[in-house]
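Report on one structure; see the data block that follows.
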Amino acid sequence: MKALRIYAGPVAREHIAREGLKPQDVRVVPGAAGGPKGLVLGPIDRFVFGSWLAQSSQQVHLVGASIGAWRLANACLDNAVQAFKDFEHGYVHQHFEVPAGQKRLTARQVSAQFGDGLRQFYGGRTGEVLMNPRYALHVITARGRHILGREGKARTPFGYLGAFITNSVRRKSLGAWLERVVFSTPGAVLPFGTQDFRSRQVDLTEANFEAALQASCSIPFMLEAVHDIPGAPPGAYWDGGITDYHLHLDYNNSEGLVLYPHFQKAVVPGWLDKGLKWRHAPTSFLDRMVVLAPNPEWIATLPNGKLPDRNDFVRYGNDGPARSKAWARAAAESQRLADEFEQWLGKGDAGQVLPL
C-alpha cells in the first residue's frame with residue numbers, strides 16, 4: 001500500500017508526462033488551513049525546502065492561510081529544516097493552561113497565549129522571512145466588512161450567520177461580509193488572479209508580520225480577531241481559511257507549476273464551503289497544480305484511524321500527553337509521504353499521477 005497519492009491538473013499532467021517534475025518547474029507552493037491535519041506534511045516540507053528546491057534558483061511564491069501560512073513562513077527562515085522541526089515539536093506538545101475556576105479558556109486567553117508563542121518563535125527573525133532571496137511569502141487573512149468590521153458579542157455571530165447564508169447561495173457574495181487581504185513580501189506580485197473574490201494586497205513588514213500571521217490563524221469564536229493591523233485598512237482580521245480554506249485560487253497568471261503538499265485530494269475554496277460538496281470539485285484554476293496527498297487507506301492506519309484534528313482536544317480532554325503521543329506518531333509515520341515522493345521523482349513515472 002502506498003502512503004502517498006499524486007494528483008495533477010491537465011496542464012501539470014501533460015508537463016509531467018513530457019518532462020517529468022523538476023524543482024525548477026515550481027513557481028508556487030500553497031499551504032492550506034486545517035489545524036493539526038498539517039502535521040502530516042512536516043516530512044514533505046523538510047524534503048521540499050531542505051534539499052529538493054535547493055537544486056534550483058527561481059523565485060517561488062509561498063501562499064498560506066492559517067497553519068499553512070505559519071508552515072510556509074518557516075520555509076523562509078535561514079535554517080528552514082530546523083524551523084520545521086521546532087514548529088512540529090511545539091505544535092504536537094502545545095498545552096493551554098486553564099486558570100483555576102474555569103472550565104475552558106476564553107477566546108481572549110487563547111489569543112494571548114497564541115500570540116506569545118508566535119513572538120517567541122519568530123523573535124528577532126522576521127527579517128529572515130522578509131529578506132529571503134528566493135521565497136516570496138503571501139499571508140492570507142479575512143478582513144471583516146460592515147457589521148463584521150469590529151468584533152462583538154452580538155455582531156460577530158450575526159455577521160457570520162449572514163455570511164454563511166449568502167455564501168451558500170453564491171461564493172462571491174461572501175465578499176459583502178469579508179474581503180481577502182493578502183500580506184505579501186514587499187514588491188512581490190500576487191501569483192494568482194483576484195477576480196474571483198473581493199481582494200486587496202498589503203506589504204508584509206517588521207511592524208505587522210506577527211499580527212498578520214496571528215490574524216491568519218484566528219479562528220472565529222475560538223480566538224479573537226486581530227484589529228487594526230499596522231499598514232493595513234482598519235478593521236477586524238480573522239483566519240485566512242474563512243475566505244480561502246484550501247487556496248483554490250486562480251493560478252493561471254503564473255508561470256510553471258503549483259506544487260501543493262496537502263492533506264487530501266479536494267481543494268475546498270472557503271471554510272464555509274466545507275459542507276457544500278458541489279464546491280469541492282477541481283476547476284480550471286487548478287490546471288497547473290500538482291497535489292501531494294495521503295492515501296485514505298494509509299490514513300486509516302494512523303492513531304484513531306484519521307489525521308490529527310482539533311476534535312482531539314475534546315477526545316483526549318485533560319490527557320494532553322496521550323494526545324501528544326498520538327500526534328507525534330502520526331507525524332513520524334508521515335515520513336513515508338516524503339520518502340515516496342522522493343522515490344517517485346527518481347523514477348519519473350507519469351503513470352502514477354492521477355487526475356485532479
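The values are calculated or read from the model by the stated rules, or taken from the named source; none is laboratory data. Source: prediction; values computed, not measured. Here the Cβ is made from the backbone with ideal geometry for all residues, glycine too, and neighbour counts use every protein chain on show.
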Checklist entry - Residue check, Trp298 against (1) aromatic (Phe, Trp, Tyr); (2) under 23 Å from Pro43 (Cβ atoms); (3) free of Cβ contacts under 8 Å to residues at least 40 places away in the same chain, all met but one. Which one? => result (3)
Checklist entry - Can you tell me which residues in the range 62-106 are among the hydrophobic types (A, V, I, L, M, F, W, C) and assigned to a helix (DSSP H, G or I)? => result Ile67, Ala69, Trp70, Leu72, Ala73, Ala75, Ala80, Val81, Ala83, Phe84, Phe87, Val92
Next on the checklist: Within the range 277-292, does at least one residue satisfy the condition of being surrounded by 16 or more Cβ atoms within 10 Å (Cβ to Cβ), at pLDDT below 95, assigned to a helix (DSSP H, G or I) and not polar (S, T, N, Q)?
Outcome noted: yes
Checklist entry - How many of the residues making up the range 166-177 are crowded, with 19+ Cβ neighbours inside 10 Å and either among the aliphatic types (A, V, I, L, M) or within 17 Å of Lys277 (Cα to Cα) (or both)? => result 3
Checklist entry - Just wondering, is there one or more residues in the range 304-316 that are assigned to a loop (DSSP other than H, G, I, E, B), free of Cβ contacts under 8 Å to residues at least 60 places away in the same chain, of a type outside the set (S, T, N, Q) and surrounded by fewer than 24 Cβ atoms within 10 Å (Cβ to Cβ)? => result yes
Next on the checklist: Could you tell me how many of the residues in the range 195-224 are under 18 Å from the mean Cα position of the chain (by Cα) and assigned to a loop (DSSP other than H, G, I, E, B)?
Outcome noted: 5
Checklist entry - Can you name every residue in the range 115-159 that is part of a helix (DSSP H, G or I) and under 20 Å from Thr243 (Cβ atoms)? => result His146, Ile147, Leu148, Gly149, Arg155, Thr156, Pro157, Phe158, Gly159
Checklist entry - From the residues in the range 138-165 that are over 18 Å from Ser218 (Cβ atoms) and among the aliphatic types (A, V, I, L, M), which one is surrounded by the fewest Cβ atoms within 10 Å (Cβ to Cβ)? => result Ala154
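Here is a yes/no grid of residues against (1) touching a helix residue (DSSP H, G or I) at 6+ places or on another chain (Cβ under 6 Å); (2) over 27 Å from Pro355 (Cα atoms); (3) in contact (Cβ under 8 Å) with a residue 24 or more places away in the chain:
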position	(1), (2), (3)
His15	no, no, yes
Gln24	no, no, yes
Val29	no, no, yes
Ala32	yes, no, yes
Val63	no, no, yes
Gln82	no, yes, no
Glu88	yes, yes, yes
His93	yes, yes, yes
Checklist entry - Can you tell me which residues in the range 1-43 are part of a strand (DSSP E or B) and either on the phi > 0 side of the Ramachandran plot or surrounded by 20 or more Cβ atoms within 10 Å (Cβ to Cβ) (or both)? => result Leu4, Arg5, Ile6, Tyr7, Ala8, Val26, Val28, Val29, Pro30, Gly31
Checklist outcome for this item: Checked the range 317-356 for anything over 18 Å from Ala3 (Cα atoms) and not in a helix (DSSP H, G or I); matches are Gly317, Asn318, Asp319
Checklist entry - So, in the range 201-224, of the ones that are of a type in the set (Asp, Glu) and touching a residue at least 40 places away in the same chain (Cβ under 8 Å), which residue ends up surrounded by the fewest Cβ atoms within 10 Å (Cβ to Cβ)? => result Glu206
Checklist entry - Hey, does the range 85-98 have a residue that's closer than 26 Å to Asp25 by Cα, surrounded by fewer than 14 Cβ atoms within 10 Å (Cβ to Cβ) and among the charged types (D, E, K, R)? => result no
Next on the checklist: What's the total number of residues in the range 250-276 that are hydroxyl-bearing (Ser, Thr, Tyr) and not in a loop (DSSP other than H, G, I, E, B)?
Outcome noted: 2
Item to check | Count of the range 225-245 residues which are surrounded by 24 or more Cβ atoms within 10 Å (Cβ to Cβ) and part of a strand (DSSP E or B) | outcome: 5
